[in-house]
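The values are calculated or read from the model by the stated rules, or taken from the named source; none is laboratory data. Quantities reported herein were computed from a predicted structural model and do not represent experimental measurements. Cβ coordinates were reconstructed from backbone atoms using ideal geometry, including for glycine residues, and neighbour counts include every protein chain displayed.
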């Protein structure tokens, strides 16, 4: 069965997010005073063939730890969408 | 059929009907609409371009191929060309600039050359305005993003700022490549039976009818134009470069074309026409990345990073293997035929059948009416307003976007990859060594739209001379030129007159100075509602130094040197930075071309460099002598004492521009020889190198830190 | 000396490194394809060159680090072989966990190509054997991602173990923010592994190995390696 798996990757707390800081400054300049903070991450969509949603999720997590995520500096979330 | 919907004019349609002896079908009209657009056919400028000299003893390839090629000795040659990507950069600055770089690199690759350097001519509105600043950063990021990743150093260029470019930015990308004579690849070598192979990326709808897009003025809301901008992938381009060179080295390439404007159509019909064969393209064989594409969409797609290879059928297996190694698509999409037709076949049916030569070459030339006169604009006399204080005026000049420190731009470009860069950006000339020989190549790029607006003929000539003089002063002989003609609509008689006259001036200078123009590009219709650009021809020059000792640097003053102004005391105020700053817009007369004078300057400048008669040399250019002194002070790190006594209207001496004039720093033991060489032409001692300030007697004194603070902003 | 220069799809400084090695120390340098399962015989030094392997997609060096040739490089390093990672090569080494840390985007968020001065912190490595203590070398950088990062505790350990080999500094040899082009923690320009046989640095020695290019300081690295190997050094 085909599954769509969403992977969200973001920098760990404590890792300097220069991009997030720059984006935050630009948004403030545009007048978004209520904005507190911005963290910029990545979204990866995987189309996986698996027997079940659990298997698809497990495969997605494995792909994360083997390539998609640098665990020194990044955290991630894997979710099977459908 | 409504031919005008496809961008064709009545006369063009009639010629098509006559040649075909039948009604063209929709696909054929679409194809011809693109191939006969201004951008692809040069219909409005072919008669003008013919004036440009393109022959010479060292010319191995003139205009008509993907790039021009000039011999540099030792069995080596340089291929080079400049091309515009103006409209796409206005709509999507990053990708427009990036794909401009990608496209010109592929043109150089198509000649069999290895790309070794890029330069860029950029024209923007006032960067103090937010919207311009955003566009500028997009363009600079795009050039860097593509050039850096693909591994070709961006070593220099020219950046021009004027309100007329707001909304009509210009991005001209130049590339220089190196190759051995015997490896030159041409378009006229295909024979019937050879295969047409597509190498590189999959084809999508990028830039459909982009060439036609470049042939019209920009609409108010450019967001509607978005689907027509191509997206570039420098990673794939790097793989394409490597793969093609492996194929070239293995002797498997009979001919090669870049797929740029009008993609498969222009590349395939070009080879067929030049080789006097026909070509048949099976659109079903083209690897696609979008579904449901029609035959004409496939034929006109401008998806990036694709090359057309012409190979012998027996070599396909080896070619495919090489492509596989480099992870590139490789498919036989057609073959060269006996007849002289350009045919598209879809599912076995011929859907387009045109004479091959008609496609690329059949468009009739347009001779737009020109207004009479010289095409001069603006007041003929510049005002005689003089600033109260030179120092303030000089600071204003150095603070202006056109003259200020450009390192924030060029530090975003990898200007060192391939380890050939001997003189990096920040100097009037970029110099690259060539590893296989002692020779070095020197590159410049120039434009002077204000001179061209005020006096098109003189401006056109001065554009070339402005590019040539720094080469001579640094010791390099000029080998050849490439040009990009950026103009507004030719349909306005005044515009056309300026175009005509400035090309005539450019041609006159190129002819007199023995500088063949071996390649180039034209971009017309650079205007938007209510605004048009000044005539903006860009010239890129390639020069040669036979060995590194011939090179005379700038910014190398030595303590105690005498400072000389060589050449006429005064340049021209008309159109100069000072004049425009003081008067608000260009007026007056620019420098008038005097070929005899330029030749004498050239010979003496080359002599000065080759005989080592000076420590440092800099052409008097933007901002005049005062700015030349300031820049030499900055780069040398030592000051000078200047005495303008006895000069009539010293302001003009210090702030006029143009003309064959150079500032030299000469050590004591060389003064006699230096003066002997220059005195018949003009040689005035204006001061000496000393101390840590720039001191102009009776006028001002500037410390280096203050100057740097202004210049670096 | 025999050198293998690894070529990944998108590497673009490999030929520069070969040229530099050949002209400064007369090395026999061979370009090795990323799909190779073996290194050339009797290789003494492996260089991972600069460039944009895999277009810098996903993360710089991430995909290159997971290619067949890296198995051989890892084995070679584990057996004490000398490995040098330059710029993108340094990124590949951190992604391969042959060196600690991660390389993040420059503080300025722009690509930066300029000359830098770096200070030699250790001259007892094969890569710096001919350098004087605290010698200042001029070498250019060219990167968008050059900010060396380690979580605080690990950074302190790196310092304690004296594994920082090069730091960005002023021309006079002082470390200062103004002379740290990318914001690297501890002004780190290059580090070495525990064993001392694997070094990664962001500046490009191959771009500073000839006077005509503006600096010949990069040659100190090639000469150090050459000299160390000649004297039969091994780890």
Quiz item: Any residue at all in region B:601-621 that is assigned to a loop (DSSP other than H, G, I, E, B), in contact (Cβ under 8 Å) with a residue 12 or more places away in the chain and either out of contact with any helix residue (DSSP H, G or I) (no Cβ under 9 Å at 6 or more places or on another chain) or closer than 21 Å to residue B:397 by Cβ (or both)?
Solution: yes
Quiz item: Of all residues in region B:210-226 being surrounded by fewer than 18 Cβ atoms within 10 Å (Cβ to Cβ) and part of a loop (DSSP other than H, G, I, E, B), which is modelled with the lowest pLDDT?
Solution: B:221
Exercise. Please indicate, with yes or no, whether at least one residue in region B:662-673 is outside any helix (DSSP H, G or I), closer than 25 Å to residue B:599 by Cβ, modelled with pLDDT under 95 and within 33 Å of the chain's Cα centre (by Cα).
Key: no
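This table checks each residue for (1) within 14 Å of the chain's Cα centre (by Cα); (2) crowded, with 21+ Cβ neighbours inside 10 Å; (3) within 14 Å of chain B (Cβ to nearest Cβ); (4) under 27 Å from residue C:19 (Cβ atoms).
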{"residue": "C:127", "(1), (2), (3), (4)": "yes, yes, no, yes"}
{"residue": "C:139", "(1), (2), (3), (4)": "yes, yes, yes, yes"}
{"residue": "C:146", "(1), (2), (3), (4)": "yes, yes, yes, yes"}
{"residue": "C:159", "(1), (2), (3), (4)": "no, no, no, no"}
{"residue": "C:166", "(1), (2), (3), (4)": "yes, yes, no, yes"}
{"residue": "C:183", "(1), (2), (3), (4)": "no, no, no, no"}
{"residue": "C:198", "(1), (2), (3), (4)": "yes, yes, no, yes"}
{"residue": "C:203", "(1), (2), (3), (4)": "yes, yes, yes, yes"}
{"residue": "C:220", "(1), (2), (3), (4)": "yes, yes, no, yes"}
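Would it be correct to say that residue A:44 is within 13 Å of chain C (Cβ to nearest Cβ), in contact (Cβ under 8 Å) with a residue 40 or more places away in the chain and surrounded by 15 or more Cβ atoms within 10 Å (Cβ to Cβ)? Steps first, answer last, please.
On the way: within 13 Å of chain C (Cβ to nearest Cβ): yes; in contact (Cβ under 8 Å) with a residue 40 or more places away in the chain: no; surrounded by 15 or more Cβ atoms within 10 Å (Cβ to Cβ): yes.
Here the answer is no, as residue A:44 does not meet what is asked.
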Exercise. Could you list, in sequence order, all residues of region C:15-35 that are assigned to a loop (DSSP other than H, G, I, E, B) and either surrounded by 20 or more Cβ atoms within 10 Å (Cβ to Cβ) or within 12 Å of chain B (Cβ to nearest Cβ) (or both)?
Key: C:27, C:34, C:35
Quiz item: Do you know which residues across region B:582-600 are modelled with pLDDT under 95 and outside any loop (DSSP other than H, G, I, E, B)?
Solution: B:582, B:583
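Any residue at all in region B:579-588 that's on the phi < 0 side of the Ramachandran plot and in contact with a strand residue (DSSP E or B) (Cβ under 8 Å, 6 or more places away or on another chain)? Working first, answer last.
Keep residues of region B:579-588 that are on the phi < 0 side of the Ramachandran plot, which gives B:579-583, B:585-587.
With in contact with a strand residue (DSSP E or B) (Cβ under 8 Å, 6 or more places away or on another chain) added as a condition, the list becomes none.
Within region B:579-588, not a single residue is on the phi < 0 side of the Ramachandran plot and in contact with a strand residue (DSSP E or B) (Cβ under 8 Å, 6 or more places away or on another chain).
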Quiz prompt | Number of the exception - residue B:568 against (1) surrounded by fewer than 24 Cβ atoms within 10 Å (Cβ to Cβ); (2) touching a residue at least 40 places away in the same chain (Cβ under 8 Å); (3) not assigned by TED's automatic domain parsing to the domain that holds residue B:611 | solution = (3)
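Would you kindly identify the helices (runs of 4 or more DSSP H) lying entirely within region B:283-399 that contain at least 1 residues that are away from chain C (no Cβ under 14 Å), out of contact with any helix residue (DSSP H, G or I) (no Cβ under 6 Å at 6 or more places or on another chain) and without any contact (Cβ under 8 Å) to a residue 12 or more places away in the chain? Outline the logic, then answer.
On the way: elements: B:295-300, B:316-325, B:356-361, B:390-399.
Those helices (runs of 4 or more DSSP H) span B:316-325, B:390-399.
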Self-check item: Residue in region B:374-387 that is under 30 Å from residue B:19 (Cα atoms) and surrounded by 14 or more Cβ atoms within 10 Å (Cβ to Cβ) present
Solution: no
Practice problem: Sort out which residues of region B:458-493 are assigned to a loop (DSSP other than H, G, I, E, B) and over 25 Å from residue B:165 (Cα atoms), and write them in order of number. | Solution: B:475, B:476
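Here is a yes/no grid of residues against (1) assigned to a helix (DSSP H, G or I); (2) at pLDDT 95 or above; (3) within 14 Å of chain B (Cβ to nearest Cβ):
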{"residue": "C:42", "(1), (2), (3)": "no, no, no"}
{"residue": "C:73", "(1), (2), (3)": "yes, yes, no"}
{"residue": "C:77", "(1), (2), (3)": "yes, yes, no"}
{"residue": "C:90", "(1), (2), (3)": "yes, yes, no"}
{"residue": "C:97", "(1), (2), (3)": "no, yes, no"}
{"residue": "C:100", "(1), (2), (3)": "no, yes, no"}
Quiz item: From C:208, C:189, which residue is out of contact with any helix residue (DSSP H, G or I) (no Cβ under 7 Å at 6 or more places or on another chain) and more than 14 Å from chain B (Cβ to nearest Cβ)?
Solution: C:189
Self-check item: Condition check for residue B:176: closer than 16 Å to residue B:415 by Cβ, within 14 Å of chain C (Cβ to nearest Cβ) and either at pLDDT 95 or above or under 16 Å from the mean Cα position of the chain (by Cα) (or both)
Solution: no
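Taking the condition surrounded by fewer than 24 Cβ atoms within 10 Å (Cβ to Cβ) and more than 18 Å from residue B:543 (Cα to Cα), does residue B:507 pass?
On the way: surrounded by fewer than 24 Cβ atoms within 10 Å (Cβ to Cβ): yes; more than 18 Å from residue B:543 (Cα to Cα): yes.
Criteria met by residue B:507.
Filter region B:343-364 for residues that are closer than 30 Å to residue B:9 by Cβ and loosely packed, with under 14 Cβ neighbours inside 10 Å and give the result. Steps first, please.
Taking region B:343-364 as the starting set, the residues that turn out to be closer than 30 Å to residue B:9 by Cβ are B:343-346, B:349-364.
Once the filter is applied, which keeps residues that are closer than 30 Å to residue B:9 by Cβ and loosely packed, with under 14 Cβ neighbours inside 10 Å, region B:343-364 yields B:349, B:350.
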Quiz item: residue B:408 passes all but one of (1) in a helix (DSSP H, G or I); (2) buried (at least 23 other Cβ atoms within 10 Å of the Cβ); (3) under 25 Å from the mean Cα position of the chain (by Cα); which number fails?
Solution: (2)
Quiz item: If we scan region B:451-472, do we find a residue that is farther than 29 Å from residue B:525 by Cα, away from every other protein chain (no Cβ under 14 Å) and over 18 Å from the mean Cα position of the chain (by Cα)?
Solution: yes
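Filter region C:1-14 for residues that are over 14 Å from residue C:44 (Cα atoms), more than 8 Å from chain B (Cβ to nearest Cβ) and not in a strand (DSSP E or B) and give the result. I'd like the intermediate steps shown before the answer.
Here is the first cut: in region C:1-14, the residues over 14 Å from residue C:44 (Cα atoms) are C:7-14.
Imposing the further condition that a residue be more than 8 Å from chain B (Cβ to nearest Cβ) reduces the set to C:7-8, C:11, C:14.
Within region C:1-14, C:8, C:14 qualify.
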Quiz item: Mind checking which residues of region B:227-248 are assigned to a helix (DSSP H, G or I) and either away from chain C (no Cβ under 13 Å) or without any contact (Cβ under 8 Å) to a residue 60 or more places away in the chain (or both)?
Solution: B:227, B:228, B:244, B:247, B:248
Practice problem: Filter region A:63-82 down to residues that are farther than 23 Å from residue C:99 by Cα and exposed (fewer than 15 other Cβ atoms within 10 Å of the Cβ) and give me whichever is farthest from the other protein chains (Cβ to nearest Cβ). | Solution: A:82
Quiz prompt | Search result, residues across region C:55-71 that are within 14 Å of chain B (Cβ to nearest Cβ), under 19 Å from residue A:44 (Cβ atoms) and assigned to a helix (DSSP H, G or I) | solution = C:55, C:56, C:64
Quiz prompt | All positions within region C:102-118 that are buried (at least 22 other Cβ atoms within 10 Å of the Cβ), within 13 Å of residue B:412 (Cβ to Cβ) and facing chain A (nearest Cβ under 8 Å) | solution = none
